[in-house]
Amino acid sequence: MQDQNQSPFNALPPVVVALVIVILGIEIVFSLGARGFIGGPEAVGWRLSALQEYGFGAQYFWWMWESGTWPFDLLKRFVTYAFVHGAFTQTIFVCVFLLAMGKMVGEAMGEIAVVLIFLGSAIGGALAYALLVGGNVALIGGFPAVYGLIGGFTHLLWLSLATVGAQQYRAFSLIAFLMGIQLLFGLIFGGSPEWVADLAGFGTGFVMSFFLVPGGWARILQKLRQER
């Protein structure tokens with residue numbers, strides 16, 4: 001029988017809970033500071049200061065590329081932008097996706113895979129944003145990273161459908177739906193180039209899963225041997 005006193009968080013991989021606590025904790029500090037509950041008058045500008053300090057901009061990448069120097073203060077932005085958000089609602093949506101997708105990916109691939117996909121997809125999303133979008137509009141928020149976890153979940157579903165002989169393209173229904181929603185909102189409220197980073201994050205997570213899913217390396221090596 002199931003223990004009625006068991007915490008609902010026990011079903012979640014600890015690393016997923018830790019990521020949510022960090023992201024939500026940062027947002028709570030910003031929100032409390034903006035309302036004057038902590039930090040005094042200076043706290044009103046905490047969010048803006050954090051976005052300027054940790055947000056990602058294409059101009060940083062191109063400056064490093066052209067100068068040939070790669071200072072940590074700029075390199076960190078490929079990851080740190082995923083932990084700061086422009087609004088409380090954005091943070092909540094990111095945390096919901098992180099809890100849902102992180103649980104499924106973590107149970108199938110392990111906690112290390114969750115961290116690698118989350119961080120790798122954040123980097124992939126930022127790189128695509130710099131290469132394809134450019135400009136001076138900052139990239140902030142964890143959507144590219146959690147879209148990477150959606151890519152990991154899609155990969156798991158893709159493999160599952162293959163084992164039962166079903167059409168594997170059905171695995172991409174979720175990302176197609178999410179991209180459709182973004183397109184609809186863009187048509188109604190005005191487009192945003194951040195979808196490029198989201199889609200790149202998804203692709204990064206999907207590709208990384210080939211190597212991180214249990215037995216993935218063996219399948220890749222077997223495929224390479226067959227092609228020789």
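Run down Ala100, Ala138, Ala108 and say which single residue is without any contact (Cβ under 8 Å) to a residue 40 or more places away in the chain and of a type in the set (A, V, I, L, M, F, W, C).
Values: Ala138 fails: without any contact (Cβ under 8 Å) to a residue 40 or more places away in the chain; Ala108 fails: without any contact (Cβ under 8 Å) to a residue 40 or more places away in the chain.
The match here is Ala100.
Mind checking which pairs have a first residue in segment 27-55 that is open to solvent by 40 Å² or more (accessible area, probe 1.4 Å) and a second that is among the basic types (Lys, Arg), Cβ under 8 Å, 6 or more apart or different chains?
Here the result reads Ala34/Arg47; Tyr54/Lys76; Tyr54/Arg77, each pair linking segment 27-55 to a residue that is among the basic types (Lys, Arg).
Out of (1) farther than 25 Å from Ala100 by Cα; (2) within 21 Å of the chain's Cα centre (by Cα); (3) exposed (fewer than 13 other Cβ atoms within 10 Å of the Cβ), the odd one out for Pro71 is which?
Unmet for Pro71, out of (1) farther than 25 Å from Ala100 by Cα; (2) within 21 Å of the chain's Cα centre (by Cα); (3) exposed (fewer than 13 other Cβ atoms within 10 Å of the Cβ): (2).
Which condition does Thr91 not pass, out of (1) open to solvent by 60 Å² or more (accessible area, probe 1.4 Å); (2) hydroxyl-bearing (Ser, Thr, Tyr); (3) touching a His at 6+ places or on another chain (Cβ under 7 Å), if it passes all the others?
Exception for Thr91: condition (1).
Against the definition (open to solvent by 40 Å² or more (accessible area, probe 1.4 Å) and not aliphatic (A, V, I, L, M)), how does Thr154 come out, yes or no? Spell out how you get there, then give the answer.
Values: open to solvent by 40 Å² or more (accessible area, probe 1.4 Å): no; not aliphatic (A, V, I, L, M): yes.
Answer is no for this residue.
When the residues of segment 45-63 are filtered to those that are among the hydrophobic types (A, V, I, L, M, F, W, C) and out of contact with any helix residue (DSSP H, G or I) (no Cβ under 6 Å at 6 or more places or on another chain), which remaining residue is farthest from Met104 (Cα to Cα)? Working first, answer last.
Restricting attention to segment 45-63, the residues satisfying the condition of being among the hydrophobic types (A, V, I, L, M, F, W, C) are 46, 48, 50-51, 56, 58, 61-63.
Okay, now just the ones that are also out of contact with any helix residue (DSSP H, G or I) (no Cβ under 6 Å at 6 or more places or on another chain), so 48, 50-51, 62-63.
Working: Leu48: 34, Ala50: 31, Leu51: 30, Trp62: 36, Trp63: 38 Å.
It comes out as Trp63.
For segment 84-97, which residues satisfy the criterion of being in contact (Cβ under 8 Å) with a residue 40 or more places away in the chain, among the hydrophobic types (A, V, I, L, M, F, W, C) and over 22 Å from Ala11 (Cβ atoms)?
Result: Val84, Phe88.
Look through segment 112-146, keep the residues that are of a type in the set (Val, Ile, Thr) and under 12 Å from the mean Cα position of the chain (by Cα), and return whichever of them is surrounded by the fewest Cβ atoms within 10 Å (Cβ to Cβ).
Keep residues of segment 112-146 that are of a type in the set (Val, Ile, Thr), which gives 112, 114-115, 117, 123, 133, 137, 140, 146.
Remaining after also requiring under 12 Å from the mean Cα position of the chain (by Cα): 114-115, 117, 123, 140, 146.
On the way: Val114: 27, Val115: 17, Ile117: 33, Ile123: 20, Ile140: 23, Val146: 31.
Taking the candidates together, the pick is Val115.
The values are calculated or read from the model by the stated rules, or taken from the named source; none is laboratory data. None of these values were measured; they are calculated from a predicted model. FYI the Cβ positions are ideal-geometry reconstructions off the backbone, even for glycines, and counts take in every protein chain you see. To get the accessible areas, we keep the full protein, side chains included, count just its heavy atoms, and leave off ligands, DNA and RNA. Shrake-Rupley method; radii C 1.70, N 1.55, O 1.52, S 1.80 Å.
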